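Enquirer: I'd like to ask some things about the structure below.
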Amino acid sequence: MKRALGLAAVLLAVLAPAARAADHAIATDFDHSGDPWVFLIRDSSDERVLQYRSCPPDGGPCQVLQPGSSGIMPGPTAAGTVFELDVEQGGSVDTVRTDPWKGRVDAVAPPAIAGEAKVGATVGVTPATWNGGWGRRTYRDRTVEDLSGSQVVACRAATGKDCMIFEPGPLSQHWAGWYLFATETRYAKPGCWENCSTVNDGLVPLPWPFPAIAPASATFAVSAPVQICCTLPAPAPDVIPAPMASVRAKAVRAKGRLLVGRVDCTVRCSVGLTVSGGGRKVYTRTFFLEGPAALSIPVRHGKLSVRVKVDGQELARGHVKAR
């Protein structure tokens, strides 16, 4: 009888399904110097890392690392290094290993302007070539990989100062004589972490000017400047095109904001934007503009009423659906 019970226990043990490995969200990112950054994304309040270790590629003993407030950023790290984390949750401890680190992030070749930089033409970005980082790896039982976000920036100076990011479309006469730069930022997805956008190819719809392009770094690459041809004499005041404005039928989400319309002023103008609806208070914004720009607002949902004034005159009014 005892023997039969023993055999039954053995059979149950063999036939029982294997225990599922703990699914801890270990983020593998890199810092602005292009070196590894590893941390735990906590799914519950009782989940914590007891110890971080780095294991060298030659199979030598792992070294204990002292974490900061945001995990570990060990600085320059040899390619092939694997990081171990002892994660405690619910009274049990699991050891989780990252994929091998592939070396410091580096742009082997910078991005470049694609297309002919002249009035009437449309340009984009020829992507940079990158080395290092994490590459393709596993995160939450799915495959992710390092990605790049690219955009075209126009600056008044070849030194990369007095700049603006503008929308897709043919280059208007406004940009003649300006300098185009292709820029590209390298990041580890999911480095945003779960809800970031994918690569932004070409011209990104951000109408706001900024003083200068940031210097190149391990994770940010910049092309050489390309001047837009051809510089023509400024038009006489009586033939300057009148400003134009329009309102979209459906809002588009971009960079955490809603695009509800656009405006284009050949010469400097004052733009007033008023948006109501969506269960929130009326949004108003006034700014000065020269050239084309998208009209954006903080995210809201529902049926919106949009009014656009240029130099005090209403040029566009309409209803926009925002999801």
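Enquirer: On average over all directions, what projected area in square nanometres does the range 277-323 have, based on the convex hull of its Cα atoms?
Expert: If I average the Cα hull's projected area over directions, I get 3.7 nm².
Enquirer: Here's a follow-up. With the Cα gyration tensor of the range 23-97 in hand, give its eigenvalues times 5 under a square root as the equivalent ellipsoid semi-axes, listed largest first in whole angstrom.
Expert: Listed largest to smallest, the semi-axes of the range 23-97 are 21, 15, 9 Å.
Enquirer: Same structure again: Per residue of the range 81-98, in order, report the coupling 6.51 cos²θ - 1.76 cosθ + 1.60 (Karplus, θ = phi - 60°) as ³J(HN,Hα) in whole Hz, putting x for Gly and Pro.
Expert: Along the range 81-98, the couplings run 5, 10, 9, 10, 10, 8, 10, 9, 7, x, x, 10, 10, 10, 9, 10, 10, 7 Hz.
Enquirer: Continuing with the same structure: Find which of Trp130, Pro170, Ala158 sits farthest along the positive direction of the dipole of the range 130-188, computed with +1 on the beta-carbon of Lys and Arg, -1 on that of Asp and Glu, about the Cα centre.
Expert: Of Trp130, Pro170, Ala158, it is Trp130.
Enquirer: Can you return the aspartates and glutamates within cross-link range of Lys309? Criterion is Cα-Cα under 14 Å, with same-chain partners fewer than 8 residues away left out.
Expert: Straight-line reach from Lys309, under 14 Å: Asp264.
Enquirer: Can you tell me how much longer the chain between Cys230 and Arg136 gets when fully stretched, taken as 0.36 nm per residue apart minus their C-alpha distance, in nm with one decimal?
Expert: Full extension of this stretch gives 29.5 nm more.
Enquirer: Give me the base-10 log of I(q)/I(0) for the range 237-322 at each q in 0.11, 0.12, 0.19, 0.27 Å⁻¹, Debye formula, one uniform scatterer per Cα, rounded to two decimals.
Expert: The Cα Debye sum returns log10 ratios of -0.28, -0.33, -0.77, -1.39.
Enquirer: Please give the charge dipole size of the range 23-97, origin at the Cα centre, charges +1 on K and R Cβ atoms and -1 on D and E Cβ atoms. Round to the nearest 20 debye.
Expert: 160
Enquirer: What is the set of long-range amide H partners of Val125 at a cut-off below 5 Å, with H atoms built 1.01 Å from backbone N?
Expert: Amide H to amide H, under 5 Å and 5 or more residues apart or across chains, Val125 pairs with Ala114, Gly202.
Enquirer: Then there's this: Any idea how far the Cα center of the range 109-146 sits from the one of the range 253-309, in Å?
Expert: Distance between centres, Cα-based: 30 Å.
Enquirer: If you don't mind, there's one more thing I want to ask. State the extension gain, in nm to one decimal, for the chain segment bounded by His32 and Lys281, taking 0.36 nm per residue of separation less the distance between their alpha-carbons.
Expert: Full-extension gain reported as 85.8 nm.
Enquirer: So what J values fall out for the range 293-307 if you push phi through Karplus, 6.51 cos²θ - 1.76 cosθ + 1.60 with θ = phi - 60°, rounded to Hz, Gly and Pro as x?
Expert: 7, 7, 9, 10, 9, x, 5, 8, 10, x, 8, 10, 9, 10, 10
Enquirer: List Asp46, Asp29, Asp106 from most exposed to least, where exposure is judged by having the fewest other Cβ atoms within 10 Å.
Expert: Asp46, Asp106, Asp29
Enquirer: Now for a different question. Using only the alpha-carbon atoms, what does the range 59-189 span along each of its principal axes? Please give whole angstrom values in decreasing order.
Expert: 66, 28, 25
Enquirer: Under 5 Å between amide hydrogens, which residues at least 5 positions from Gly135 or on another chain qualify, with H placed 1.01 Å from N in the peptide plane?
Expert: Long-range HN contacts for Gly135: Asp146.
Enquirer: Which aspartates and glutamates does Lys118 reach when only Cα atoms under 12 Å apart count, and residues fewer than 8 places away in its own chain are ignored?
Expert: Counting by Cα, and skipping residues close in sequence, Lys118 has no aspartates and glutamates nearby.
Enquirer: Ok, one more. Packing-wise, with mean Cβ within 10 Å as the measure, how do 82-89, 142-149 rank, highest first?
Expert: Per-residue Cβ counts within 10 Å, averaged per peptide and sorted highest first, yield 82-89, 142-149.
Enquirer: Can you list the HN-Hα couplings for the range 138-145, worked out from phi with the Karplus curve (6.51, -1.76, 1.60; θ = phi - 60°), rounded to whole Hz and with x for Gly and Pro?
Expert: 9, 9, 6, 6, 9, 9, 10, 8
All of the numbers you see were taken from the coordinates with simple rules; none came from a lab. The structure displayed is predicted, hence computed values, not measured ones. Positions of Cβ are backbone-derived with ideal geometry, glycine not excepted, and every protein chain shown enters the neighbour counts.
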